[in-house]
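Report on the structure given below.
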Amino acid sequence: MSKENYDRYDDEEDVDGYVKIDRYNPELIQNISTHYKDILTQLGEDPNREGLLKTPERVAKALLYLTHGYDLNPKDILESAKFTEEYSQMVVVKDIEVYSMCEHHMLPFFGKAHIAYIPNGQVVGLSKIPRVVDAFARRLQVQERLTNQIRDCIQETLNPIGVGVVMECRHLCMCMRGVQKQNSVTTTSAFTGEFIKEKTRAEFLHLISSKLS
Ligand SMILES: Nc1nc2c(ncn2[C@@H]2O[C@H](COP(=O)(O)OP(=O)(O)OP(=O)(O)O)[C@@H](O)[C@H]2O)c(=O)[nH]1
Ligand SMILES: [Zn+2]
């Protein structure tokens, strides 16, 4: 779907015009709110007390925002900014902030993604790489699938000589409940083409570990 099919949702400007306004239609917000009002009661709360009056609606809007990736087509995002360029070295976009939600507990996991590709005659507008990360991250996910989906989308759309993706995330379902390991970080990676070779992979890992300052 092209960008023209989307409209800006005023309350969530950072979506930047890519999300269908339909996602926030009042009937849908109302339906989700009704369920959350019931959940508040079942949790032992009084949904009619002042502080909670607008909470079900806020939760509904927040959840719709946190899952807005379902309305995005990541391949279209890349297709919209592909152009011919004779650059054949590795392009690395690192330290991309990621916020997603684990599909098991619907609790956040968050961290960084580092993405690289070696162009094959075509490059993509740099901002589209973090946009693709968000389009997959803003869904219910597991980190491994998220990593693979980003890799596959870039490979299938740009047809580069190779793609590398590394993600480092903290999972709140492992910190604030369950096993309660506050400092554990999960690293996942996915590679295609040239990045499967040790030398290219080592260059990528070196570049993402270097600091600008
Ligand atoms: N592989 C993978 N596992 C995840 C991810 N997010 C959450 N999980 C895990 O999903 C698993 C679900 O396991 P279950 O035993 O069904 O659920 P649970 O009883 O809540 O598990 P605990 O978290 O160990 O209390 C847990 O081990 C979570 O740590 C992820 O992105 N990738
Ligand atoms: Zn979880």
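The values are calculated or read from the model by the stated rules, or taken from the named source; none is laboratory data. Source: prediction; values computed, not measured. Using ideal geometry, Cβ is built from the backbone for each residue, glycine included, and neighbour counts are taken over all protein chains shown.
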Sole residue being closer than 19 Å to Phe195 by Cβ, touching a Pro at 6+ places or on another chain (Cβ under 7 Å) and hydroxyl-bearing (Ser, Thr, Tyr), chosen from Tyr87, Tyr99: Tyr87
statement: Among Ser100, Ser80, the single one that is out of contact with any His (no Cβ under 6 Å at 6 or more places or on another chain), within 16 Å of ligand 1 (Cβ to nearest atom), farther than 25 Å from Arg201 by Cα and not charged (D, E, K, R) is Ser100
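Residue by residue through segment 84-105, note down the ones that are away from ligand 2 (no atom under 16 Å from the Cβ) and within 16 Å of Val132 (Cβ to Cβ).
Going residue by residue through segment 84-105, those that are away from ligand 2 (no atom under 16 Å from the Cβ) are 84-97.
Selection gives Val91, Val92, Val93, Lys94, Asp95, Ile96, Glu97.
Could we say that Arg131 is charged (D, E, K, R), buried (at least 17 other Cβ atoms within 10 Å of the Cβ) and within 16 Å of ligand 1 (Cβ to nearest atom) here? Write out each step before concluding.
Working: charged (D, E, K, R): yes; buried (at least 17 other Cβ atoms within 10 Å of the Cβ): yes; within 16 Å of ligand 1 (Cβ to nearest atom): no.
So Arg131 does not fit the description; no.
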- line: Listed by first then second residue, the pairs whose first member lies in segment 174-187 and is on the phi < 0 side of the Ramachandran plot and near ligand 1 (Cβ under 10 Å from one of its atoms), whose partner is part of a loop (DSSP other than H, G, I, E, B) and not small (Gly, Ala, Ser), with beta carbons under 8 Å and at least 6 positions apart or on separate chains, are Met174/Gln180; Met174/Lys181; Arg177/His105; Arg177/Leu107
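Within segment 195-211, how many residues are assigned to a helix (DSSP H, G or I), out of contact with any Phe, Trp or Tyr (no Cβ under 6 Å at 6 or more places or on another chain) and among the basic types (Lys, Arg)?
The number of residues fulfilling the criteria is 1.
For segment 119-136, how many residues are polar (S, T, N, Q) and over 16 Å from the mean Cα position of the chain (by Cα)? Explain how you work it out, then say what you get.
At the first step, the residues of segment 119-136 found to be polar (S, T, N, Q) are 120, 122, 127.
Narrowing further to those that are over 16 Å from the mean Cα position of the chain (by Cα): 120, 122.
Residues flagged as polar (S, T, N, Q) and over 16 Å from the mean Cα position of the chain (by Cα) within segment 119-136 amount to 2.
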task: Within segment 102-128, work out how many residues are buried (at least 22 other Cβ atoms within 10 Å of the Cβ) and closer than 14 Å to Cys169 by Cβ.
output: 2
query: Of everything in segment 141-188 that's within 21 Å of Leu63 (Cα to Cα) and assigned to a strand (DSSP E or B), which residue is nearest to ligand 2 (Cβ to nearest atom)?
result: His171
field: Only one of Pro119, Pro108 that is within 16 Å of ligand 2 (Cβ to nearest atom) and modelled with pLDDT of 95 or more
entry: Pro108
task: Could you tell me whether segment 103-119 includes any residue that is small (Gly, Ala, Ser), within 28 Å of Leu64 (Cα to Cα) and more than 16 Å from ligand 1 (Cβ to nearest atom)?
output: no
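Among residues belonging to segment 45-85 that are over 30 Å from Asn120 (Cα atoms) and polar (S, T, N, Q), point out the one that is surrounded by the fewest Cβ atoms within 10 Å (Cβ to Cβ).
Going residue by residue through segment 45-85, those that are over 30 Å from Asn120 (Cα atoms) are 45-68.
Now drop any that are not polar (S, T, N, Q), which leaves 48, 55, 67.
On the way: Asn48: 10, Thr55: 16, Thr67: 17.
Per the stated criteria, the residue is Asn48.
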- line: Scanning segment 59-82 residue by residue, those without any contact (Cβ under 8 Å) to a residue 40 or more places away in the chain and in contact with a helix residue (DSSP H, G or I) (Cβ under 9 Å, 6 or more places away or on another chain) turn out to be Val59, Ala60, Leu63
